[in-house]
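Note sheet for the following structure.
What follows draws every value from the coordinates through simple rules; no lab data is involved. Every value quoted in this text rests on a predicted model; they were computed, and no experiment measured them. For neighbour counting, all protein chains shown are included, and Cβ atoms are generated from backbone atoms with ideal geometry for every residue, glycine included.
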Amino acid sequence: MRHFTCVQDLGDLRQALNEAFEIKKDRFRFNELGKNKTLLMIFFNSSLRTRLSTQKAAMNLGMNTIVLDVNQGAWKLETERGVIMDGDKPEHLLEAVPVMGCYCDVIGVRSFARFENKEDDYNEKILNQFIKYSGRPVFSMEAATRHPLQSFADLITIEEYKKTARPKVVMTWAPHPKSLPQAVPNSFAEWMNATDYEFVITHPEGYELDPAFVGDAKVEYDQKRAFEGADFIYAKNWSAYRDPYYGQVISMDRNWTVDAEKMALTNNAYFMHCLPVRRNMIVTDDVIESPRSIVIPEAANREISAQTVLRKLLMGLSGL
Ligand code: CP
């Protein structure tokens, strides 16, 4: 594998899941693979889980790691070509990226949607500049439109907890006070659509996602009806995708908060969320603290998804 930005990059998904479970059984089995190799992790946005789990995954493989928070201590980067750089950004991405590539073997990038230009966001302008100019294998640690390491961990978790071959998985929008990107729900939909699960998306009208990610998923505007018989409830907020409201909060309707009454409509479903989560906006305290909440094992699997991806990238570097 040369780069990792979406589910298709993994190739055979069943095979990738088997590799993930192999790593989970013995996460130090491949600790020679990354010897003398350096992972550079570039963060344009904050992180807790991605930062820690990816660094741990790299260390499990014997890699060295460097973490750069672009907005804390690095030169502020200009990303537009043709700009007269007389403002507050002393360095251009077009020099910075190849320079970063000189100091490492693999690069992970976190760069969220900016909501300034929908086309730039959905063309993954920043991530693609790393792919084009770094000269290194690049993987997404959450980009403008997808969060594939999270979705891979979500899938691993569902595979571990599912009781039937074809569980009903429901992704529900839930309220949040800030504008959040569509990367997690886009990506989760893309990964669920790559399985044969029954997959349903529920959200208020106006929060329709990009049809390219929704694919053949069923969209149900009645949240309670969507919850009926569900085996997994995956809660997430996202801002509007459709114009003219792209990137905006158009509703904070707390009738969409996941609570015990709604969970009672399900098939004793497990509750999932990628975290961080705003309690009593997205989900009530009692649901997230219940024995059916699997948000912590889900987060723990971030180490496994990252390690599976890094292993594949390292194997690609070695021509394996
Ligand atoms: N779920 C997730 O990516 O968490 P962080 O934003 O803390 O990395």
If amide H atoms are modeled at 1.01 Å from N in the peptide plane, then the residues at a separation of 5 or more from F4, or on another chain, having amide H under 5 Å from its own are V138, F139, S140
Burial-style ranking of 84-90, 147-153, average other-beta-carbon count within 10 Å with highest first, yields 147-153, 84-90
Given R₀ = 30 Å, FRET efficiency for K163-R278 by Cβ-Cβ distance, to 0.05? 0.50
Within straight-line cross-link reach of K163, aspartates and glutamates at Cα separation under 12 Å, skipping those fewer than 8 residues along the same chain: D231
In degrees, nearest 10, the alpha-carbon axis of helix 295-317 is tilted away from the dominant principal axis of the alpha carbons of the chain by 40
Take the Cα atoms of the range 150-299, find their three principal axes, and give me the spread along each one in whole Å, biggest first. 42, 32, 28
Return the inverse of the average 1/r over all pairs of distinct C-alpha atoms in the chain, which is the Kirkwood hydrodynamic radius, in Å to one decimal. 20.2
For N267 and A212, what is the calculated FRET efficiency with R₀ set at 22 Å and r taken between the beta-carbons, to the nearest 0.05? 0.15
Net charge contributed by nearby residues that have their C-beta within less than 13 Å of G62 (K/R +1, D/E -1): +4
Anything over 23 Å Cα to Cα? Flag those among K56/K76; K25/K168; K89/K178; K35/K56; K118/K262, in the order listed. K56/K76; K25/K168; K89/K178; K118/K262
